[in-house]
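The values are calculated or read from the model by the stated rules, or taken from the named source; none is laboratory data. Bear in mind that the values here come from a model prediction, so they are computed numbers and not experimental data. Glycine gets a Cβ as well: all are built from the backbone with ideal geometry, and neighbour counts include every protein chain shown.
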Amino acid sequence: MRVALINRSSMYSTKGGDTIQVLKTAEQLNKLAVKADVYRACEKIPYENYDLIHYFNIIRPADHLYHIKKSKKPYVVSTIYVDYNDFDNNRSNRFHKMAFGLIGQARSEYIKNLYRYAKKQDQLVSAKYLLGHYRAIKNVLQGASMILPNSVSEYRRILEKFPFSGEYSIVPNGVDSSLFNLIPANIQREQKVLCVAHIYGLKSQDLLIRACQKLKVPLELVGNYPPNHKQYYDHCKSISNGNVRFTGFIPQEMLVNLYAGSKVHAMPSWFETTGLSSLEAGAMGCNIVVGTGGDTRDYYKHDTSFCHPQDPQSIEKALEVALNKPNSGVLRETILNEYTWDRAAKVTLEAYSQVLNNVGRTITNQHQHQDLQEPELPKTYTFSRQASSLRIKILQSISYFDIFNHPLAKEEIANLCNVNGNVEEFESELDELVKKQICYTFDNYYSLSKNITEFVSSREKKEIEAQKYIRKLPFYAKIIRSFPFVRAIAISGSLSKNIMHDDGDIDYFIITAKGRLWISRTLLVLFKKVFLFNSRKYFCVNYFVDEDNLRITDENIFTAIEIAYMLPVYNSPLINKLKDVNAWVKDYFPDFKLSMAIDTVPAEKKCYKNCLERLFWDSYSDRLDLFFMKVTFKRWVKKFKHFNASKFELTMRTNRGISKHHPQDFQNKVLNEYQSRLKKLNIS
């Protein structure tokens with residue numbers, strides 16, 4: 001088997017974790033009798049010499065597009081999908097923070113890459129990349145025979161961001177077992193902290209320095225600053241005292257003694273797919289401190305303290321625990337058994353074989369937040385129609401939210417299940433489900449998945465993220481309120497459940513005046529495109545109805561959940577009227593009470609808005625509203641011509657009183673997955 005491994009053009013000039021990954025993967029593959037050659041994307045590659053192409057680093061898609069088109073070979077992608085969103089949105093530089101928050105993740109990565117090309121820090125291999133960063137990544141993924149993420153967590157993040165429905169195989173990152181195996185007996189482990197990483201803001205070394213100085217513990221920083229980050233490096237040096245040592249870059253072979261001589265390795269990053277130096281340090285018996293961002297929880301389950309990269313007290317506390325806790329050796333053993341480059345190469349070779357033999361499983365992306373492991377029921381236990389109605393309702397509620405990897409608190413389940421004061425029966429049924437291992441519980445949360453601890457941690461993180469959006473919500477709601485003919489605003493989607501995914505957006509449900517929906521919608525969409533650079537992050541306006549069309553005709557659990565959880569933001573009485581009109585929701589949730597509340601936007605001073613609306617209260621404006629509807633309808637018909645009539649009606653509903661723009665067909669995907677889960681529980 002002959003394989004070309006291709007990574008970014010700057011993989012040697014700016015070495016990173018992806019450099020080590022591609023080189024070590026090739027080294028171990030060659031030991032398995034695979035001819036594996038490493039190329040930079042800017043090099044000329046003799047495609048005809050290879051059976052398969054292996055690309056690395058999906059956030060640099062320009063490096064891959066050219067070779068994908070030219071080679072016409074099947075290919076796999078080691079995604080290494082790093083998400084800088086949290087870091088970019090929390091920078092100390094206010095201009096950067098505001099700019100990245102406004103334009104969103106994909107455009108910020110696009111601008112960064114263009115800057116690198118302009119400064120000749122990297123090479124633009126494919127001009128096709130100029131059409132857009134998100135589009136480029138989507139094209140790379142859609143053509144891949146298989147993707148090779150480093151963890152289940154990384155795979156889930158890809159599904160949340162991109163419409164990928166192909167094959168995948170989890171290929172773990174690793175350590176060089178020939179180097180990081182035996183701990184030198186002649187090295188005395190010191191009560192000090194080591195950090196091996198590029199020195200820049202993503203890694204939060206400045207807060208690490210301050211924490212170590214406060215604890216009066218020595219800190220050694222090993223690594224250089226990457227291009228464009230010298231200012232941060234200088235800042236770190238300026239705040240350091242004699243207890244902090246800057247060592248610069250050190251080859252891997254020389255790191256063995258440094259790891260072996262340090263009690264703690266700390267990398268309080270905003271984001272890591274793995275953190276290779278943390279893996280190496282763990283293999284050498286260090287206690288580990290890592291940030292909570294990214295996929296670190298998939299790797300570090302023992303001898304590890306987690307911290308938040310923006311919270312000095314969190315970093316200090318994690319360091320204190322790691323410095324005073326004896327190392328159990330469990331993490332070291334796990335790494336040497338499961339996370340080595342030779343094992344990664346074997347899994348990679350299996351993936352190659354599957355692709356070339358056209359054998360393997362296809363993972364259908366039923367839903368962008370789908371649980372990868374279906375609920376496992378004991379073979380001898382299924383539910384029948386004779387099961388209590390309350391038990392069935394409990395399972396239906398948990399099953400629905402499990403689609404989103406969203407565990408429910410006991411109180412939330414009771415709110416959905418019409419307990420009617422039968423608290424003892426409810427708790428008895430819930431306890432019985434846990435006892436029979438149909439349901440799992442952790443910290444008062446419940447799920448049908450064994451991964452509940454991971455889901456609870458993820459939910460807590462998403463709740464923290466939601467607060468950032470809620471704080472910004474009044475500003476954008478006031479803008480929407482000020483537009484002509486907007487009569488009421490509500491929040492639906494993730495934020496209405498008090499969670500927000502990385503790079504998520506605020507979904508607005510807007511009620512307009514009768515006969516002026518399309519004028520109002522067109523003005524709002526133009527504002528978003530012109531003044532917000534078409535960013536949906538805080539301004540996703542995709543569902544409009546007018547005052548005469550408050551009844552939602554899609555009577556199913558998906559719509560019932562969205563209406564029940566809908567949060568009024570402006571003109572609560574009209575939003576509540578919409579809920580009253582849709583009384584069928586009570587067939588699903590008779591006694592549901594909205595537990596979350598947010599500050600509503602007060603009624604505006606109507607003078608200027610009334611003046612604007614008077615301009616559109618004539619027969620000409622009737623024709624204008626109809627014209628905007630027809631133009632939009634024609635554009636959608638052309639853009640989504642592959643939709644059949646029923647799908648188009650459900651996802652792109654267009655008439656004088658309703659505008660619905662849900663081209664991803666999210667509703668059907670969720671409902672299909674929900675029915676599939678109920679069928680496995682024998683309660684469908």
Residues that are out of contact with any strand residue (DSSP E or B) (no Cβ under 7 Å at 6 or more places or on another chain) and of a type in the set (Lys, Arg), drawn from region 318-355: 332, 343, 346
Residues 534, 542, 549, 576: which one is assigned by TED's automatic domain parsing to the domain that holds residue 652, of a type outside the set (A, V, I, L, M, F, W, C), farther than 22 Å from residue 656 by Cα and not in a helix (DSSP H, G or I)? 534
Among what's in region 1-49 and is touching a Phe, Trp or Tyr at 6+ places or on another chain (Cβ under 7 Å) and assigned to a loop (DSSP other than H, G, I, E, B), pick the residue that is farthest from residue 249 (Cα to Cα). 1
Count, please, the residues in region 330-341 that happen to be buried (at least 17 other Cβ atoms within 10 Å of the Cβ) and in a helix (DSSP H, G or I). 6
Selection over region 604-637 where residues are within 41 Å of the chain's Cα centre (by Cα), surrounded by fewer than 13 Cβ atoms within 10 Å (Cβ to Cβ) and modelled with pLDDT of 85 or more yields a count of 4
Residue 253 passes all but one of the listed conditions (1) assigned to a helix (DSSP H, G or I); (2) at pLDDT 95 or above; (3) not polar (S, T, N, Q); the exception is number (2)
Residues located in region 626-665, provided they are in a helix (DSSP H, G or I) and either of a type in the set (Asp, Glu) or in the same structural domain as residue 447 (by TED's automatic domain parsing) (or both): 649
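Hey, can you tell me all the residues within region 55-78 that are touching an Asp or Glu at 6+ places or on another chain (Cβ under 7 Å) and not in a loop (DSSP other than H, G, I, E, B)? Give the steps one after another, and end with the answer.
Keep residues of region 55-78 that are touching an Asp or Glu at 6+ places or on another chain (Cβ under 7 Å), which gives 56-57, 59.
Within region 55-78, just 56 meets the criteria.
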Starting from region 235-254, keep only residues that are closer than 15 Å to residue 198 by Cβ, then list their pairs with residues that are surrounded by 16 or more Cβ atoms within 10 Å (Cβ to Cβ) and modelled with pLDDT under 90 whose Cβ atoms are within a distance under 9 Å, requiring at least 6 positions of separation or different chains. 249/15
Out of 274, 348, which single residue is at pLDDT 95 or above, farther than 23 Å from residue 213 by Cα and not in a strand (DSSP E or B)? 348
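One line per residue, one yes/no per condition, for (1) within 30 Å of residue 500 (Cα to Cα); (2) modelled with pLDDT under 90:
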site: 167; (1), (2): yes, yes
site: 170; (1), (2): yes, no
site: 185; (1), (2): no, yes
site: 200; (1), (2): yes, no
site: 203; (1), (2): yes, no
site: 234; (1), (2): no, no
site: 243; (1), (2): no, no
Which residues, counting only those in region 208-219, are surrounded by fewer than 20 Cβ atoms within 10 Å (Cβ to Cβ) and either of a type in the set (Ser, Thr, Tyr) or in contact (Cβ under 8 Å) with a residue 40 or more places away in the chain (or both)? 210, 214, 215, 217
Just to check your reading of the model, which residue among 4, 41 is modelled with pLDDT of 95 or more, surrounded by 17 or more Cβ atoms within 10 Å (Cβ to Cβ), closer than 21 Å to residue 149 by Cα and not hydroxyl-bearing (Ser, Thr, Tyr)? 4
Would you say residue 499 is within 21 Å of residue 674 (Cβ to Cβ) and buried (at least 18 other Cβ atoms within 10 Å of the Cβ)? yes
I want to confirm something. Restricting to region 433-473 and keeping residues that are within 12 Å of residue 499 (Cα to Cα) and basic (Lys, Arg), which single residue is surrounded by the most Cβ atoms within 10 Å (Cβ to Cβ)? 459
Might you check whether a residue that is of a type outside the set (Val, Ile, Thr), over 30 Å from residue 292 (Cβ atoms) and at pLDDT below 90 occurs anywhere in region 570-590? no
Which ones in region 418-441 are under 27 Å from residue 567 (Cβ atoms) and either in contact with a His (Cβ under 7 Å, 6 or more places away or on another chain) or aromatic (Phe, Trp, Tyr) (or both)? 426
Here the residues within region 420-432 that are buried (at least 20 other Cβ atoms within 10 Å of the Cβ) and either out of contact with any Lys or Arg (no Cβ under 6 Å at 6 or more places or on another chain) or closer than 18 Å to residue 680 by Cα (or both) are 426, 430
